[in-house]
Each structure stands twice: as C-alpha cells, then as structure tokens.
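Below is one structure; the comments refer to it alone.
The values are calculated or read from the model by the stated rules, or taken from the named source; none is laboratory data. Bear in mind that the values here come from a model prediction, so they are computed numbers and not experimental data. Here the Cβ positions follow ideal geometry from the backbone for every residue, glycine too, while neighbour counts run over all protein chains shown.
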Amino acid sequence: MFNIIAIPLGWIMKGCYYVFKNYGVALLVFTFITRLLVFPMNIKQQKSTARMSMLKPKLEQLEKKYGKNKQKLQEEQMALYSEAGVNPMASCLPMLVMMIILFAMIPVIYGPLTYVSNLDKDDVKASNQMIKQVHIVSAEVKDNKTTLAELIEGYEADGKDPYEELEKLFEDEDKYPKSAKSFDKEGGMDNIMEVIKLHNDIDTFITNDKYFAQNLIEGRPELMTFVFAQDKSAGDYSDVLEVISKDVKTFSEDFNYSMFGIYLGTTPSWKDNKISCLVPVLSFLLQLLVTIVSQHYQKKNNPDMAKMTGSTTAMLYFMPVFSLWITFKYPIGLGMYWCFSSLFSLFQTIVLNKIYTPEHVAELVQQDIAKQKASGKQTLMQKMAEAQLVAAGKDPAEIRKQAGGDDYEEPKKKSKNEIKQEQRQKINEARKRAAEEMDEDEKELTDEQREKLRRAREKMAKKYN
C-alpha cells in the first residue's frame, strides 16, 4: 500500500531534485509540497472537531439519561450523529492519511536511486542485493573472529585457491548460515567473489560504524551506495559498484546527497562527527515547540484540555522524545526531513489557529450543515447510523424527530431537477440585481456608451440562453 503512494511522491521528489540539483534542498521543498497537500485535511479535521464540540452538551445529556442502558445510549447517540450529519471518526481520518504519507515518504527519502534517478530498475535492484550480501558475509566473518584477508592468507599458505574455498565456506549452512541462506535464496555469489577479489579488506570497511549505518545497511542498502561512491576517507571503493553497473557508479558519484556541506548518509555520532548531532537535537527542540504551541491553542480553544491527566500529558511529549531517538539512530537525511516537517507543522498550526478561529470554524460548520440539509443528501455516517437503527428494529425518522425536538422537520430529498431549478432561480435573481444596479449607473452614461452596453448584453444573452 505504501509503495502505491510512494510512487507519485517519488515523482515530486525527482522534480524537486532536477530543479535544485541538491538532495537536501529538494528534501526541504518536497516536505513543503507534501505539507501543502495535506493542509485541506487539517482544515477538515478542525471542522470535524468543532462539529463534535457543538454536540457535546447533547451527548452529555444522553449520557446522564441512558448511562446505565448502553444499547439505548448507543442508539440515541447514532440518531444524534445522523440528525447532525456528524461522523465521530472524521477527525481521525486526516491524521491517519498523514501517517500513511509519512511512512510512504521513508522509501522515497532513502531511495534516491529508485525514485530520483532514471537508472534501470534491475541495475538498482542488483546493486542493492550486492551491498546487502557483502554486509551479510562480512558480518559473519567478523562474528567468527577473523577477516577476509586472514582467511585468504591461510588458504594461500595451504596451496588452495582462496576464492574457491571462500565460496565453499559461504555456502556452508553450519558455519555461515546467514550467508548460505542469502545465496541459496537470491544467488549473487559470483558478484560477491568479484568484489572480494577487488578488495580483500571490504569486510573491515563495510562493518565500520564510521562509514556505514549497521542498522540500515541490510534494510536500506540503496542509501549506502553513496558511501562507496563519495566517501574516500577510508580509500577508494567506488569500483565495487562497477561489478553491477557503471551507470549506478556514475549516478552515485554525481548525485549531490548533501546539505550545508553535510553528507546526508552520515549517522549522528558524538564520537566521530559532533556537528551531525545538531540535527537530532534540533529535531527534538522543533518537535517539542510544535507540541507546546499545539497544546496552547487546544487549551485556549477548549478549556476542557486543562483537565488532562498525567498520562495524557506524557503522551503529548512522546513524539519529541521519539524524534530524538529515531534521528540519532538513523542517517541525518531522515533527521533533516523531521526538522523540516516540524518547522512547517509549527507554521501550519499557527496559521490554522489564526485564520480558522473557533468562531470562524463554527460559522463554516453551520454553512456546511445548511448546504447538506438543502441538498437532502445523506452523509456516509447518516447512512451507517440508519442501517444500524433499522437492524435494531427502530424507525430512524422517529428517533431523529425525538432527538431534534418539536421543531424538527424531516429533510426532503430533492431531485436533480429541483436542485437545478433552485440554482437557475438564484442565477436569475443575481442577474436581476446586477441589471438594476447597471440601470442606475446607465443614467450617467453617454448615448454611445449605452449603445455599446446594449450590444454587450444581447451578446451575453445569446451565449447563455
């Protein structure tokens, strides 16, 4: 499911990169665009919350009246939701959509070869497989308290072909179970042996925390491609990529996977790169600020928020702590995204609460309710509520009447023809008002101007009639 959403998001990311030629800047613009896309959902969420707040007094009355009879309480609540056209779960939908988009973004952020380049997908897949398998082999060699160089030296001392012996060793399910399983399932032994022939010390390089994020290299090997291509601090290993495809090597070397001079594949570390640790700290502070500002507006707009329990308050601060943990654990590309996302979220929260005040949202809700009643169409929630009442042997119309009070009138469902007639009547009334206003203005016109105006009116009349 996430991949379906990731593909169009990848198109956006590709467009951003080819405009700015810098993945960090592209990530900033990409975050802004995706936040802009979900902005209407945030407005809808506020309106849904406002609708529920408007029903709160009636819901409390029902709770007092039918608190002991859970079935009756549920029926009355559903009737109230049906009468008001309110879906109590509507405010959760935008949040769910945003979470789905967030998870769909992860492969886009960590998959520039897949989503930004025009490389052959089979080449990218083969490159990812090769890097993953080199790490699996290297990790098992390390677990056995040896190195590839020592193994090769030992085989040569015995007069054996070291690469044939290594191939047999990596296929041994007892001594190297992970390697054997990987090669049995995916193949690729020839590629790995070619890499080892190029660099007998590849195992010490790829298992070094300074260059590779060990928790990501098997899950997100694509991100590690740029270490081979761009990080020359431990030596030049870029020819490893030529084992698969020179196109992958060329793209990886030319790709600007950095921002402010910081390589985005770097994992924050107090030991090796203290500057990189600023990203998780900044991510934590921005997320904390978003939480504090959001909480401020929630308490201001809803005094009941002041009655939050300690556990509820603790949940609010879970996200800042989580952002601190995850941005220390993964390369700073994710941390950069988290910082940008929090920054835009902060701006969005302030704008939403400045423009869409509780009074303005209440006014918009009333307009929506009026439009809904005028159309006579039922919402999905109303249909679900009626179906549940009918299944319980109840008359939905009668229960709505009881919930709505003495002044309640059952909305009449209008036909398409009636709706068109109403729209036509509104247009004619608007034309009439405009004509009256124009007649008043005509008194100040010359004869020539009046003649031009008359011809323009005739032309419009022919076009729209």
Check Lys185 against each of (1) surrounded by 12 or more Cβ atoms within 10 Å (Cβ to Cβ); (2) under 35 Å from the mean Cα position of the chain (by Cα) and name the one condition it does not meet. (1)
Cβ-Cβ under 8 Å, sequence separation 6+ or interchain: first residue in the range 256-282 and closer than 24 Å to Val116 by Cβ, partner of a type in the set (D, E, K, R) and not in a loop (DSSP other than H, G, I, E, B). Which pairs? Thr267/Lys329
How many residues of the range 329-366 are under 24 Å from Met54 (Cβ atoms) and of a type in the set (Phe, Trp, Tyr)? The answer is 1
Spot the failing condition for Leu151; the list is (1) surrounded by fewer than 19 Cβ atoms within 10 Å (Cβ to Cβ); (2) part of a helix (DSSP H, G or I), and only one is missed. (1)
Residue satisfying condition, being of a type outside the set (D, E, K, R), at pLDDT below 80 and touching a helix residue (DSSP H, G or I) at 6+ places or on another chain (Cβ under 6 Å), within set Met78, Met52, Met95, Met99: Met78
In the set Ile33, Ile7, the lone residue that is assigned by TED's automatic domain parsing to the domain that holds Leu80, surrounded by fewer than 18 Cβ atoms within 10 Å (Cβ to Cβ) and under 12 Å from the mean Cα position of the chain (by Cα) is Ile33
Check off (1) surrounded by fewer than 17 Cβ atoms within 10 Å (Cβ to Cβ); (2) in contact with a helix residue (DSSP H, G or I) (Cβ under 9 Å, 6 or more places away or on another chain); (3) small (Gly, Ala, Ser) for Ser245 and give me the number that stays unchecked. (1)
As an exercise: evaluate Ser179 against (1) touching a residue at least 40 places away in the same chain (Cβ under 8 Å); (2) farther than 20 Å from Ser127 by Cα; (3) buried (at least 16 other Cβ atoms within 10 Å of the Cβ) and give the number of the one condition it does not meet. (2)
Test for Gln378: is it at pLDDT below 70 and not in a helix (DSSP H, G or I): yes
